[in-house]
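Visitor: Quick one: structure below, then a few questions.
Please treat every number below as a calculation from the coordinates, not as lab data. For clarity, every value in this text was computed on a predicted model and none was experimentally measured. A quick note on method: Cβ atoms are made from the backbone with ideal geometry, for glycine too, and the neighbour counts reach across all protein chains shown.
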Amino acid sequence: MANLIDELKWRGMIQDIMPGTEEQLKKEITTAYIGFDPTADSLHIGSLVPIILLVHLQKAGHKPIALVGGATGMVGDPSGKSEERNLLSEDILNHNVACVKKQLEQFLNFDKSLPNAAEMANNYDWFKDFSFLNFIRDVGKHITVNYMMAKDSVKKRLEGENGMSFTEFTYQLVQGYDFYWLYQNKNVKLQMGGSDQWGNIVTGTELIRRKTGGEAFAFTCPLIKKADGGKFGKTEKGNIWLDATKTTPFQFYQFWLNANDTDAEGWIKIFTFLDKATIDKLIEEHKKMPAKDYCKKP
């Protein structure tokens with residue numbers, strides 16, 4: 001199996017990593033998951049980063065699970081948010097989940113004959129019959145309020161003027177239970193995600209440790225930022241979507257074409273599967289003749 005962590009490190013795709021994660025990946029085929037939030041009926045290019053993480057994982061011989069948050073989508077993740085978002089109706093959420101699943105199936109190999117075939121999961125399947133009393137008894141008692149309050153996503157909201165609802169406060173327990181359920185039922189030992197998810201992810205590893213005595217692992221990818229300070233994946237017209245009816249192929253192409261040189265050097269490592277030698281050569285050639293000069297070539 002290829003060394004996944006080495007591959008991701010040179011691409012600039014590792015931020016936080018739990019001790020023992022690299023050793024686990026070297027030891028055996030490891031099942032890992034990333035959660036996708038169905039707040040819209042399409043993913044956007046910010047979602048490409050976690051999708052690409054799953055593709056790298058599968059290419060390295062490990063088994064990816066793409067979790068669509070049918071249940072967590074009903075709650076709303078407070079990470080990186082300054083105020084609570086509007087909750088979606090069940091019909092809209094189910095529509096979004098179906099659309100997101102369809103998009104994810106275009107990137108991963110779901111051939112069941114493979115030892116590391118990709119799988120889809122929806123956390124609504126295990127939360128729909130989970131009563132509130134059972135949840136606070138079976139999950140809540142294992143994680144202290146002190147532990148939950150120490151998370152950055154909670155601290156920032158509590159310090160802000162809008163505060164935080166109990167619904168959002170419990171989000172990390174709900175996401176933590178996802179990891180525990182997948183660990184118990186799908187042998188999932190690793191969760192990956194954006195760096196803003198670190199607090200939620202380690203709550204899952206802690207829940208697994210406290211409920212089973214087992215060991216689980218995690219790493220995160222840095223959030224993509226633009227050199228000019230603008231938000232990645234946003235234009236004057238809004239999000240760049242992966243759905244061609246929301247963002248046309250021409251608009252999608254133009255977004256990448258308009259990237260400045262500094263951003264392009266980082267993005268070519270993240271958003272392509274070219275090897276290191278090829279990318280280093282392209283960057284070196286580009287530095288000798290920047291785009292503005294390249295366009296003047298006869």
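Visitor: Pairing the Cα long axis of helix 171-186 with the longest principal axis of the chain, what angle in degrees results, from 0 to 90 and rounded to the nearest 10?
Guide: The angle comes out near 90 degrees.
Visitor: Now a separate question. Answer with one residue from G194, A118, Q24: the one whose Cα lies farthest towards the positive end of the charge dipole of segment 4-224, charges on Cβ with Lys, Arg +1 and Asp, Glu -1.
Guide: Highest projection toward the positive end goes to Q24.
Visitor: What residues qualify as long-range amide H neighbours of F36, i.e. H under 5 Å apart, gap of 5 or more or another chain, H built at 1.01 Å from N?
Guide: Sorted by chain and number, the residues that satisfy this are L67, V68, G69.
Visitor: Applying 1/(1 + (r/R0)^6) with R0 = 45 Å to the Cβ-Cβ distance of N134 and W267, what FRET efficiency is obtained, to the nearest 0.05?
Guide: Result of the calculation: an efficiency of 0.50.
Visitor: If amide hydrogens are placed 1.01 Å from N in the peptide plane, which non-local residues have theirs closer than 5 Å to the one on K189?
Guide: T31
Visitor: Helix 48-59 versus the longest principal axis of the chain: what angle, 0 to 90°, nearest 10, using Cα atoms?
Guide: Around 90 degrees separate the two axes.
Visitor: Then there is this: What dipole magnitude, in Debye to the nearest 20, does the chain give about its Cα centre under +1 on Lys/Arg Cβ and -1 on Asp/Glu Cβ?
Guide: 400
Visitor: Summing -39500 (n - 2.57) over the DSSP H runs of n ≥ 4 in the chain and dividing by its residue number, what mean residue ellipticity at 222 nm do you reach, to the nearest 500 deg cm²/dmol?
Guide: Details: 16 runs with 141 residues, N = 298.
My calculation for the chain gives -13000 deg cm²/dmol from helical runs alone.
Visitor: Could you give the distance between the Cα centres of segment 196-224 and segment 119-193, to the whole Å?
Guide: If you average the Cα positions of each part, the centres end up 11 Å apart.
Visitor: If you don't mind, there's one more thing I want to ask. In percent, what relative contact order does the chain have, based on Cα pairs under 8 Å that are 6 or more apart in sequence?
Guide: Relative contact order of the chain: 24 percent.
Visitor: Counting other beta carbons within 10 Å of each residue's own, what order do H62, H286 fall into, fewest first?
Guide: Taking fewest neighbouring Cβ atoms as first place, the list is H286, H62.
Visitor: Which residues make up the longest stretch of the chain clear of trypsin sites (Lys or Arg not before Pro) that lie in a DSSP loop with no more than 14 other Cβ atoms within 10 Å, not counting the sites?
Guide: Value returned for the longest uninterrupted segment is 129-236.
Visitor: Ranked by Cβ crowding within 10 angstrom, fewest neighbours first, how are V97, V55, V188 ordered?
Guide: Taking fewest neighbouring Cβ atoms as first place, the list is V55, V97, V188.
Visitor: Using a 10 Å cut-off around each Cβ, can you sort L173, L223 from fewest to most neighbouring Cβ atoms?
Guide: In order of increasing Cβ crowding within 10 Å: L223, L173.
Visitor: If I stretch the segment between K26 and I279 completely, what's the gain in nm (0.36 nm per residue apart, minus their alpha carbon distance), one decimal?
Guide: Residue separation times 0.36 nm, minus the Cα-Cα distance, leaves 88.5 nm.
Visitor: Could you pull out every residue, at least 5 positions away or on a different chain, whose amide H is within less than 5 Å of the one on G194? Hs are placed 1.01 Å off N in the peptide plane, and Pro or chain starts have none.
Guide: Result for G194 returns C221.
Visitor: In whole Hz, what ³J(HN,Hα) sequence does segment 125-134 give by Karplus (6.51, -1.76, 1.60; θ = phi - 60°), x for Gly and Pro?
Guide: 4, 9, 9, 4, 10, 8, 6, 4, 5, 5
Visitor: Taking the Cβ of L57 as the center, what net charge do the other residues with Cβ under 11 Å away carry, scoring Lys and Arg +1 and Asp and Glu -1?
Guide: Details: positive: K59, K63; negative: E7.
Net charge around L57: +1.
Visitor: Among residues other than G20 whose Cβ falls under 15 Å from its Cβ, what is the net charge (Lys/Arg +1, Asp/Glu -1)?
Guide: Details: positive: K26, K27, K189, R209; negative: D16, E22, E23, E28, E206, E215.
Local charge sum for G20: -2.
Visitor: Go through segment 21-63 and name the GluC sites (Glu not before Pro) that are in a DSSP coil and have 11 or fewer other Cβ atoms within 10 Å of their Cβ.
Guide: Loop-located and lightly packed - E28.
Visitor: Related question: Calculate one ³J(HN,Hα) per residue across segment 212-224 by plugging θ = phi - 60° into the Karplus curve 6.51 cos²θ - 1.76 cosθ + 1.60, and present them in order as whole Hz with x for glycine and proline.
Guide: The phi angles translate into 10, x, x, 10, 10, 10, 7, 8, 10, 10, x, 6, 6 Hz.
Visitor: Give the aspartates and glutamates reachable from K231 as a straight Cα distance under 13 Å; neighbours fewer than 8 places away on the same chain don't count.
Guide: Qualifying aspartates and glutamates at Cα under 13 Å: D263.
Visitor: Next up: Tally Lys/Arg at +1 and Asp/Glu at -1 over every other residue whose Cβ is under 14 Å from the Cβ of E265; what's the total? Each step should come with its number before you reach the end.
Guide: Values: positive: R11, K225, K226, K269, K276, K281, K287, K288; negative: D261, D263, D280, E284, E285.
Neighbour charge sum, excluding E265 itself: +3.
Visitor: Turning to a different aspect of this structure: Place +1 on the Cβ of every Lys and Arg and -1 on the Cβ of every Asp and Glu in segment 4-224, take the dipole about the Cα centre, and give the residue among N109, I92, G163 whose Cα lies farthest towards its positive end.
Guide: Working it through, the farthest residue towards the positive pole turns out to be N109.
Visitor: Suppose every Lys and Arg Cβ carries +1 and every Asp and Glu Cβ carries -1, with no other charges. What dipole size does segment 2-44 come out with about its Cα centre, to the nearest 20 debye?
Guide: Charge dipole of segment 2-44: 140 debye, to the nearest 20.
Visitor: Do the alpha carbons of any pairs in K59/K269; K63/K101; K128/K151; K59/K151; K9/K186; K59/K281 sit beyond 25 Å of each other, and which pairs?
Guide: K128/K151; K59/K151; K9/K186
Visitor: Between helix 261-271 and the chain, what is the angle of the helix's C-alpha long axis to the longest principal axis, kept within 0 to 90° and rounded to the nearest 10?
Guide: Once rounded, one gets 50 degrees.
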